[in-house]
Every structure is written in structure tokens, then in C-alpha cells.
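The values are calculated or read from the model by the stated rules, or taken from the named source; none is laboratory data. Because the structure is predicted, anything quoted here is derived from the model rather than measured. Because the Cβ atoms are built from the backbone with ideal geometry, glycine has one as well, and the counts that use them run over all protein chains shown. Keep in mind that these areas ignore ligands, DNA and RNA; they rest on the heavy atoms of the full protein, side chains included. Shrake-Rupley method; radii C 1.70, N 1.55, O 1.52, S 1.80 Å.
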Amino acid sequence: MLAASFTRRSAGVGAGVLRSLSTWSAVPAGPPDAILGVTEAFKADKDPRKINLGVGAYRDDQGKPYVLDCVKKAESILEASKPDKEYLPITGHAEFTKNAVKLAYGADSTPLKAGISSTQSISGTGALRIGAAFLARHYPHSKVVYLPSPSWGNHVPIFRDSGFEVRNYTYFDPTTLGLNFEGLKADLLTKAPENSVVLLHACAHNPTGVDPTPEQWAEISDICKERKLFPFFDMAYQGFASGSTSRDAFAVRHFVSQGHQIALCQSFAKNMGLYGERVGAFSLVTADPEEKARVDSQLKIIIRPMYSNPPVHGARIANTILANEDLYTQWEGEVKGMADRIITMREKLHNILTHDLKTPGDWGHIKSQIGMFSFTGLKKAQTVALADKAHVYMTADGRISMAGLNASNIAYFAESVDGAVKGTL
Ligand code: PLA
């Protein structure tokens, strides 16, 4: 009797009621990712003229993803060695991390001998997450991190999800489209409480393409020392700013030479083109081998419950390149080749906008900004018009990945920007 009435009643329950009873019925829809969401919109667009300048992924002059020759060679060396597929240790491929750290700090770096605690990471994002988690647990002085304004969008949730309060320091000057160095200094000197963590883009600042000069870095280092600020470096573009991996490591090496115990996140996504292989490293300067051993043990305790141990293939590729003199030399040439192609695109775009099209505005920043991105100064409404009417995709803050431009699409891109600026699209 009871069973029968239950069946009768549940048979009358509509799909809508059932849906509202779902465990996940209260989960709100989130917004698309500010950067990776642009790729989704681009993929859905069927127009043959479409251009994706959203995500910072290098493309060759034919607009194709580029697998570096040194990577291909490293892969064939690896294949011939028939490696197994065993788990890596928790902190990853030890020789890779040793070589990655050497690349960043420099072979003659003092802490390299005294003690740099390091671990392989799931690319730069994973390094940031391990670092933020480590500091949240073990940095004794503060749970506040200062990010440059603006910064890479993912920095905010990475630090927030790790338990940090996120604040900003002045970085970019929208009127000059350059560095607001006075504002930066004032914020670090007076606004940030002593001992705060300060995130610094080591080179090729994302999204602005504006870096401090070596002299300005030296001043920032002094301020950090004076105010006991903890320098947390994100180096996702070593080699992409100047074409030289050692020149781009200036800030990191200078801070270390001044005695700062920095944290450092490295990514091999861009400079080795190993995007999907997820190769990176996180490191911390420690006082001595005994302290290093303690920090090492805590890094393992943080990583083990996150993902146990990192993937092996990409680290083997990167290590083969870093450890082999010929491949290393070839790699340096290829990084420079990528950086140079981007610089050529900057010059061409600047020329077309200023000389050919006489697009209103000063476009000097297209040439002076460095690295993968240009912060064009285009307004959100213009970026929307460019996507809707010209099939040109970029992030809503007007950032373009210069590497997405090539000989075939640069004229169309410049004409589209010209139309967006003149309101004639
Ligand atoms: N740090 C900065 C400053 C970055 O720009 C990026 C990538 C990363 C870290 C992390 O990169 P990885 O995890 O792939 O090593 N920024 C990209 C991609 C290129 C992205 O947003 O994920 C960008 O388009 O801004």
C-alpha cells in the first residue's frame, strides 16, 4: 500500500522538481576565464579571417604552433634511450631541477652552493601554487601579498585560494603606458606593511610588457630590504624579454646578490615551447644545507597530497636540453629567434598604424613594450567590437599576444584596430 502510493506520487514528479532536488542545484554558473575563455570564443568563430591574440602562446610566421628543433632533437635522444615510465620522486626530476635553478640563478650564484631548496612543478602555475601554499603555512610574518596593478589574472585566485589576502601596488601608468615608478616606490615604502610578500614579475611583465630598468630593480631591491618585504618572483618568460636568458634573469640575480632570500617560480612553457608538457620549478633560497633539508621536507609534505609527483616526459626534455651543450646553444638561438620575430612584429604593427593608416593616438608603446604581450590601450568596448565585427580576439583589458601576429594577418589586424579606434568597424 505504502509502496504503491509512493510509486504513484513519484511518477507524477516532473523533471523540473527532480532537477531542483539535485545536489548541485545551487551551484552558480561562473564566468569564463579571462584569458583561456578567449580561446574558446575564438574556436567557436567560423570566419576564415579570425585571429587569436588572447593566450600567450608562440606562433611561427605561418601562424602555426612551433615545436622547437632542440625539443625535437631532445625527444629523439630520449626515445633512443628507451626510458621507463616509473614515478618520479615527489619533488620531481632531480637533475632537471638542478639545471633549471642554475639557469635562473646563474652557475656562479652563491646560494646555489649554500642551499636552494627546489622542486619540479606543474609549469609556472603549479610553481606559484606550491610557493603560495608553502608561504601560507611557513612564512611566519604575514599573510598579505602585494601584486602589481595590473598583474596576470590568475595570480589573484592562486594566492587567495592558498590563504593569502591579496592587495595591489602601483605599477602601470595608463597615461604614459609605461611604468609608474614613483607610485610603485611610494606604495612599497609606505602602503605595504613591513614583512608583506611582494610578487615581482622577473621579466616581460604580463600584461603590460613594461619592465623596470636594472637601476630601478636595484632601487626596488633596496626598498624590499629596508621594509623587510619578501620578494616572490614569477619568471614565466626567461629569454622572451630580451632574447637572452641571462639578461632576463637580471632582477632575480641582483636580488639574490643583495642577500634576499627570494622565492622563485619558473616555467618552461614559453621559452622551450613546452606549454602542454607542464614543466616548471619552484625554489626558495635557504640559509644553509641543514635549513634546506628542512624546507625540502616541507615542500614534499605540501606536494604529496596535491598531486603526489609530477609528470616525467617534459622534465626529461627540458633537462636533456639544459644538460647538453650543443642543444643548449641551439635552444638559446631559438629563444632569440622567437623574441626577435616578436620584435619585428612590433615594428611592423607600429609602422602600419602610424605611417600607413595614420590611426589616431600615439602607438610608440607597441615598440617600447617587451616580451610576449602588448598592452595596446584599446578599451573594452573596442575589444568587443573587434571580436564581434572583425573576428579579432584579445583579452578585455586590451592585451594582445604579439606572437599571434604574422606576415599574413598583421595588415588585417592593423586595419581592424584602425576601424575600432575610428569607430568605423
Ligand atoms: N605567470 C605568468 C606571469 C604568466 O603569464 C603565465 C602564463 C604563468 C605564470 C603560467 O604559465 P604556465 O603555468 O603555463 O607555465 N600566462 C599565459 C597563459 C601565457 C595563461 O593565462 O595560462 C597568458 O596568456 O597570460
For segment 331-386, accessible area per residue (1.4 Å probe, heavy atoms of protein chains only), Å²: 43 Å²
Probe 1.4 Å - accessible area at Met338, Å² to nearest ten: 0 Å²
Lys225-Asp161 FRET efficiency (beta carbon distance; Förster radius 30 Å; 0.05 resolution): 0.50
Net charge of Cβ neighbours under 12 Å - reference Ser297; Lys, Arg +1; Asp, Glu -1: +1
Accessible-area order (highest first, 1.4 angstrom probe) of the listed residues Lys191, Lys85: Lys85, Lys191
Residue among Asp108, Asp288, Asp234 with the largest mean-square fluctuation in a Gaussian network model of the chain, springs linking Cα atoms under 10 Å: Asp108
Spacing of the two label points (7 Å from each Cα toward its C-beta) at Asp33 and Asn324, in nm: 3.1 nm
Accessible carbon and sulfur surface of the chain relative to its total accessible area, %, 1.4 Å: 56 percent
Alpha carbon centroid spacing (whole Å) that separates segment 358-420 from segment 248-287: 30 Å
Cut-off 15 Å between beta-carbons: net charge of the residues surrounding Ile116, Lys and Arg +1, Asp and Glu -1: 0
Estimated distance in nm for a label pair at Thr344 and His313, the labels positioned 7 Å out from Cα along Cα-to-Cβ: 3.1 nm
Computed accessible area, Thr245, all protein chains, 1.4 angstrom probe, square angstrom: 10 Å²
Gain in span if fully extended, Lys389 to Leu189, counting 0.36 nm per residue against the direct Cα distance: 67.4 nm
Mean Cβ neighbour count within 10 Å, used as a protection proxy, ranking 92-101, 109-118, 366-375, 26-35 highest first: 366-375, 92-101, 109-118, 26-35
Heavy atoms of Glu277 accessible to a 1.4 Å probe, total area in Å² rounded to 10: 60 Å²
Three-way shape label, segment 320-403, alpha-carbon gyration tensor, a/c 1.5: prolate
Label point 7 Å beyond Cα of Ala80 along Cβ direction - residues of segment 306-327 with amide nitrogen under 19 Å: 316-327
Length gained when the stretch Asp47-Thr424 is fully extended (0.36 nm per residue, less Cα-Cα span): 133.8 nm
For segment 373-425: relative contact order, % (alpha-carbon pairs under 8 angstrom, 6 or more apart): 42 percent
Helix runs (DSSP H) in the chain reaching 20 Å along axis by Cα, Kyte-Doolittle at least -0.5: 123-138
Average Cα contact separation per residue, the chain, under 8 Å, 6 or more apart, as relative contact order %: 24 percent
q = 0.10, 0.13, 0.14 Å⁻¹: log10 I(q)/I(0) that the Debye formula gives for the chain, counting C-alpha atoms only: -0.74, -1.16, -1.31
